[in-house]
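Please treat every number below as a calculation from the coordinates, not as lab data. All values reported here derive from a predicted model rather than from experimental measurement. With ideal geometry, Cβ positions are generated from the backbone for all residues, glycine too; neighbour counts draw on all protein chains shown.
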Amino acid sequence: MMPRPAPNAPARRTLAAAAALVLGLLGAPAAADEPAPASASDPVAIPAPAPAPIPDPEYPPPVVVEEPPPPSPQSVPYRPVNVGFLYPMSTNLGAPDVFTHLDIALMLGRIGYLGGLQIGPVGWVGYDMRGAQIGLAHVVEGRAEGLQIDGIFSIARGDFAGAQVAGLMGWTSGRMTGVALAGMASYVYADVDGVLAGGLVSVARGKVRGLQIAGGTNIGRVDGLQLGIVNVSAEVRGVQIGLINVARRIKGVQVGVLNVTDKLEGESLGLVPIPRRGGVHPVIWGSNSIFANIGVKFASAYAYSILGIGLHNRPLPEGKRQAAFTAGLTLGARVPIAEGFALAGDLGGNRLFAEGVPLTTHDELYKARVLFSFEIAKRLVPFVGGGVAMAVQGSETLRFSILPEGTAGIEL
């Protein structure tokens with residue numbers, strides 16, 4: 001049985017036919033305007049290239065100027081001896097790039113190449129030098145091989161091989177091989193193979209393979225020995241000795257009063273070593289020689305130091321007791337013997353301060369201890385130990401007394 005059509009089905013079909021007719025009439029003009037498809041024989045149209053951008057007159061492109069290479073020693077004028085007063089008042093008038101074996105100037109000498117000796121208060125070599133410069137101030141624009149001795153400053157703008165000695169400042173822009181010594185400041189922009197020394201400051205932008213020494217501050221990466229009052233280095237492979245030593249990474253030994261390092265592969269020996277490995281720990285302990293003590297422990301890989309203060313109540317000859325305050329320093333080393341267990345040994349000295357005892361009088365206590373510790377947690381390490389203590393008292397006549405030392409405490 002066929003389904004019955006909807007009552008409005010003829011009307012829907014009529015509306016759909018009318019809509020199709022209207023759409024066809026509207027689309028016919030657009031279709032007529034479209035070009036006919038191209039055949040295989042028609043030529044292919046190539047689009048024109050885009051126009052080049054117009055440069056901005058306010059921001060012209062940078063002009064790169066390449067410096068011409070320096071002339072060779074064979075291509076410049078040659079004079080065995082050059083003499084002058086103040087260049088250009090000299091025998092190389094009009095020829096500043098002359099090559100000579102001996103240059104003598106009463107004020108200022110200016111030559112191109114030196115293969116011998118340049119003497120005068122101020123001397124200037126425009127290219128390379130092989131020989132010696134002696135005076136107050138000398139400059140070599142190129143490579144220098146030999147000796148520079150000046151009362152004020154010596155400058156080499158290229159590599160230097162030999163010895164550079166200056167009264168105030170020595171400067172090398174290239175690599176230094178040999179010795180660089182200056183009364184005030186020594187500066188090398190590249191690597192140093194040898195000795196770099198300055199009276200106040202010694203700076204190497206590259207690496208020093210050898211010795212870096214200064215009466216004040218050393219700055220540079222060192223493979224060897226860095227010696228000064230203050231030493232600052234990104235990396236040390238060797239030994240760093242000074243009052244204050246700072247190194248980002250050290251593979252060797254630090255020796256000083258204050259040692260700071262981020263990564264220690266070796267040992268830091270100082271009154272206050274502060275490496276990341278080890279760290280700073282409060283310590284509380286007591287003993288029969290000084291009843292109550294509190295201090296700060298600065299620990300490196302194995303060595304440590306303790307700065308502490310204490311309170312003691314010591315007997316007097318009259319049968320009374322006297323309160324005394326103490327301040328002391330302890331230096332020691334710690335060796336792990338099993339998981340969590342460690343054995344340590346240290347030497348310490350304490351100064352006692354008591355009423356009626358002048359500071360000019362000896363009142364010290366020296367200790368030698370052996371300690372045994374167990375690490376319960378990183379910041380909870382109890383320890384016990386013992387040793388011997390020696391008291392020193394008196395002014396003109398010293399009195400010595402020795403007593404056994406027993407101690408126990410906790411490191412936090």
How far is it, in nm, from the label point at residue 257 to the one at residue 309 when both lie 7 Å from their Cα along the line to the Cβ? 2.0 nm
Taking every alpha carbon pair in the stretch 167-230, what does the distance histogram look like in 5 angstrom bins from 0, in percent? 6, 23, 37, 26, 8, 0
Spin-label proximity, residue 375 to the stretch 293-308 - amide N less than 18 Å from point 7 Å beyond Cα toward beta carbon: 297-305
Overall dimensions of the stretch 69-181 by Cα: Rg and Dmax, Å: 12.7, 36
Loop-resident GluC sites (Glu not before Pro) in the stretch 63-157 with no more than 16 other Cβ atoms inside 10 Å, DSSP not H/G/I/E/B, are 66
Three principal axis extents, largest first, for the C-alpha atoms of the stretch 278-411, in Å? 50, 23, 23
Straight-line reach only, C-alpha to C-alpha below 29 angstrom: list the lysines that residue 297 could link to, leaving out same-chain residues fewer than 8 apart. 251, 263, 367, 378
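Using a ≥ b ≥ c from the Cα gyration tensor of the stretch 215-278 (square roots of the eigenvalues), is it rounded, prolate or oblate, where a/c under 1.5 gives rounded and otherwise the larger of a/b and b/c decides, a/b for prolate? Walk me through the numbers before you get to the answer.
Working: a/c = 1.67, a/b = 1.17, b/c = 1.43.
Judged from the Cα gyration tensor, the stretch 215-278 comes out oblate (a/c at least 1.5, b/c at or above a/b).
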The local net charge around residue 190, scoring Lys/Arg +1 and Asp/Glu -1 for residues other than residue 190 whose Cβ lies under 13 Å from its Cβ, equals +4
Among all the aspartates and glutamates, which ones have a C-alpha under 16 Å from residue 207's C-alpha, if same-chain residues fewer than 8 places away are not counted? 159, 191, 193, 223, 235
Here FRET efficiency (C-beta to C-beta, residue 408 to residue 200, R₀ 45 Å, nearest 0.05) is 0.35
Rg and Dmax in Å for the stretch 96-241, alpha carbons only: what are they? 15.2, 48
